[in-house]
Protein chains: 2
Amino acid sequence: MYTDDKGFSSITIAGLGLIGGSLAKSFHRLGIKLYGFDMSTKAINTAADSGIFHGLTDDIELISEFESDLIYACLPVTPCAVFLEDLKKLGIKTPVTDGASTKSSVVKAATGLNYCGGHPIAGKEVSGFENSDGNLFKGAFHILTPTADTDPYLCDKLETLHDAIGMKVARMTPEYHDRVFGSISHLPHITAFSLVEAVHEIDDNAFGFTGGGFRDFTRIAASNPKMWTDIFLDNKDNMLEFIDIYIEKLEEWKKNIIDGESTTIYERIDKARAIRQRLK
Amino acid sequence: MYTDDKGFSSITIAGLGLIGGSLAKSFHRLGIKLYGFDMSTKAINTAADSGIFHGLTDDIELISEFESDLIYACLPVTPCAVFLEDLKKLGIKTPVTDGASTKSSVVKAATGLNYCGGHPIAGKEVSGFENSDGNLFKGAFHILTPTADTDPYLCDKLETLHDAIGMKVARMTPEYHDRVFGSISHLPHITAFSLVEAVHEIDDNAFGFTGGGFRDFTRIAASNPKMWTDIFLDNKDNMLEFIDIYIEKLEEWKKNIIDGESTTIYERIDKARAIRQRLK
């Protein structure tokens, strides 16, 4: 049971979109009192209709008037960094966490706050509070990214909080987080976008013959452009390194096909299959 | 209703694996009499257990003794071409079709037979008659690849047959087939294999944090190595051209990320998303 003395009794959700709304609905079930901030009146109104917030504002200066013991920034990378800088300017002493998809730059922006970064690993192709879901995070990973400056007590409380909503919590440095998710999330998005672009260039009519396999494979190509632009640019160094490694693999495939190296091709497929089958 | 006078009354399935077995189960429901050929005793025994075959043999010379009005080769590309050559040597006059995944070389091997190529677009990650499924092809595409030499009457009868088991039938040249499926099936497999290889090289521990999205995206990496080795080598020229186009897209992503071209990145994601959303 999530109790007041070990946990947070009140949380301010900053950013009332899909992630913020889904976290709010999850936290509400734990009996946590909720406040909300968003610059969009539409988001405020949708959140108000849910009836789970004790207070809502579109004015960042009013956040300090909410009696919350955690501010949870649920914003894309670039606005998240701006928001954290603004909290510093306002002299906010309340503990802060966030859910941005890349961590290195956000963690730097938070220097000076009582802050521990995080990243709930879940999402949908749709966005907005209206699509939020209190079950979105069940069984998913939550990555905490404490640094040497992080209060260990805050990090532990955040672990308990996310554990209480059914998440698997792991801890890693912000830099390692950006390498891990650069490789298993950001690189796959680049490969899916590039595949859709390549087929479009080869023969747009070919899309007419695709089935469930191709749709599964390119599902992640239907992602929010603003969010992903920020992610690629914020995780720039890893992206460039990883795309190069990926292109090397493709060049090796070309070489194997040109040379008709059937044994090598068989072994590469067999090895990729074995790695993939571990994931089941 | 699939009737004897417009359709086939008896079919010999050559190759009693997943595809051959699934087609056999589909055709059985239409009341078609079935015969089977496979060089593997295990496959013959599994097929015999299904109770849907009137005759089974592992001796290709005995196929001519089956009273069937179609031979359907359900074999991977390379053994399929060998089988078609063998039918020619045996002087088989029965109409022949096949389901191999690439068509150009198979169609060439069939010259001299009463033949029309085809490709049922469905599959599973598992193989063998024991995993075959009479519903596998429902709603899927069947591509017929007639040439100037093909008897139009055979092509029409094959269209009626596949339509009767719930498939969407399309016709294209063997060469165009190999371009279409090179782009929407063979290229995606190369990209999935390469992605699994790249993540393995970057940090094998990263796989531990993957979720449903990554599993969906790399599902096709868990494919039969023998079958896919044949496909890549048989569709060599298209593969080399398409991998080059794909690498060009990746190089453009690298350039956009290096130069911080957020507007271009946004527009590329937005366009890929729009194309992908048409597929729903």
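Quick notes
- Checking each residue in the range B:135-163 for being in contact with a Lys or Arg (Cβ under 9 Å, 6 or more places away or on another chain), open to solvent by 10 Å² or more (accessible area, probe 1.4 Å) and within 26 Å of residue B:50 (Cβ to Cβ) picks out B:135, B:136, B:139, B:140, B:141, B:157, B:160.
- Residues that are more than 24 Å from residue B:107 (Cβ to Cβ) and touching a helix residue (DSSP H, G or I) at 6+ places or on another chain (Cβ under 7 Å), drawn from the range B:58-86: B:58
Table: residues versus (1) facing chain B (nearest Cβ under 7 Å); (2) not hydrophobic (A, V, I, L, M, F, W, C).
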{"site": "A:241", "(1), (2)": "no, yes"}
{"site": "A:246", "(1), (2)": "yes, yes"}
{"site": "A:253", "(1), (2)": "yes, no"}
{"site": "A:262", "(1), (2)": "yes, yes"}
{"site": "A:268", "(1), (2)": "yes, yes"}
{"site": "A:273", "(1), (2)": "yes, yes"}
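- With respect to being open to solvent by 40 Å² or more (accessible area, probe 1.4 Å) and over 20 Å from residue B:226 (Cβ atoms), residue B:9 fits the description.
- Looking across the range B:105-135, just one residue is among the hydroxyl-bearing types (Ser, Thr, Tyr) and in contact with a strand residue (DSSP E or B) (Cβ under 9 Å, 6 or more places away or on another chain), and that is B:115.
- The lone exception for residue B:129 - which of (1) closer than 20 Å to residue B:171 by Cβ; (2) over 15 Å from the mean Cα position of the chain (by Cα); (3) surrounded by 20 or more Cβ atoms within 10 Å (Cβ to Cβ) it fails: (1)
- Only a single criterion out of (1) farther than 21 Å from residue B:18 by Cα; (2) facing another protein chain (nearest Cβ under 9 Å) is not satisfied by residue B:160, namely (2).
- Filter result (part of a helix (DSSP H, G or I) and touching a Lys or Arg at 6+ places or on another chain (Cβ under 8 Å)) within the range A:220-238: A:221, A:225, A:238
- Residue check, residue B:96 touching a strand residue (DSSP E or B) at 6+ places or on another chain (Cβ under 6 Å), free of Cβ contacts under 8 Å to residues at least 40 places away in the same chain and of a type in the set (Val, Ile, Thr): yes
- Of all residues in the range A:194-224 being open to solvent by less than 20 Å² (accessible area, probe 1.4 Å) and touching a residue at least 40 places away in the same chain (Cβ under 8 Å), the one that is nearest to the other protein chains (Cβ to nearest Cβ): A:222
- Being at pLDDT below 95, under 30 Å from residue B:215 (Cα atoms) and of a type in the set (Lys, Arg) is a property that does not hold for residue B:108.
- The strands (runs of 3 or more DSSP E) located wholly in the range B:40-102 that include 2 or more residues which are farther than 16 Å from residue B:116 by Cβ and open to solvent by 40 Å² or more (accessible area, probe 1.4 Å) occupy B:53-57.
- Taking each residue of the range B:113-142 that is closer than 26 Å to residue B:221 by Cβ and looking for partners that are aromatic (Phe, Trp, Tyr) and in a strand (DSSP E or B) with beta-carbon atoms closer than 7 Å, six or more apart or interchain, yields B:121/B:141.
- Hits in the range A:5-34 (condition: in a strand (DSSP E or B) and either touching a helix residue (DSSP H, G or I) at 6+ places or on another chain (Cβ under 8 Å) or hydrophobic (A, V, I, L, M, F, W, C) (or both)): A:11, A:12, A:13, A:14, A:34
- All conditions in (1) open to solvent by 20 Å² or more (accessible area, probe 1.4 Å); (2) in contact with a helix residue (DSSP H, G or I) (Cβ under 8 Å, 6 or more places away or on another chain); (3) outside any loop (DSSP other than H, G, I, E, B) hold for residue B:122, with the sole exception of (3).
- The number of residues in the range A:165-193 being assigned to a helix (DSSP H, G or I), more than 7 Å from chain B (Cβ to nearest Cβ), of a type in the set (D, E, K, R) and open to solvent by 20 Å² or more (accessible area, probe 1.4 Å) comes to 1.
- So residue A:233, is it facing another protein chain (nearest Cβ under 7 Å) and under 16 Å from residue A:189 (Cβ atoms): yes
- Considering residues of the range A:103-112 that are within 24 Å of residue A:22 (Cβ to Cβ) and either among the aliphatic types (A, V, I, L, M) or free of Cβ contacts under 8 Å to residues at least 60 places away in the same chain (or both) only, the residue most open to solvent (accessible area, probe 1.4 Å): A:107
- Being of a type outside the set (Phe, Trp, Tyr), within 7 Å of chain B (Cβ to nearest Cβ) and closer than 24 Å to residue B:209 by Cα is a property that does not hold for residue A:257.
- Test: residue B:94 is of a type in the set (S, T, N, Q) and more than 23 Å from residue B:29 (Cα to Cα): no
- Taken together, the residues in the range B:125-138 that are of a type in the set (A, V, I, L, M, F, W, C) and not in a loop (DSSP other than H, G, I, E, B) amount to 1.
The values are calculated or read from the model by the stated rules, or taken from the named source; none is laboratory data. Keep in mind that this is a model prediction, so the values were computed, not measured. Cβ coordinates were reconstructed from backbone atoms using ideal geometry, including for glycine residues, and neighbour counts include every protein chain displayed. Just so you know, the surface numbers come from the protein's heavy atoms only, side chains and all, with ligands and any DNA or RNA stripped out. Shrake-Rupley method; radii C 1.70, N 1.55, O 1.52, S 1.80 Å.
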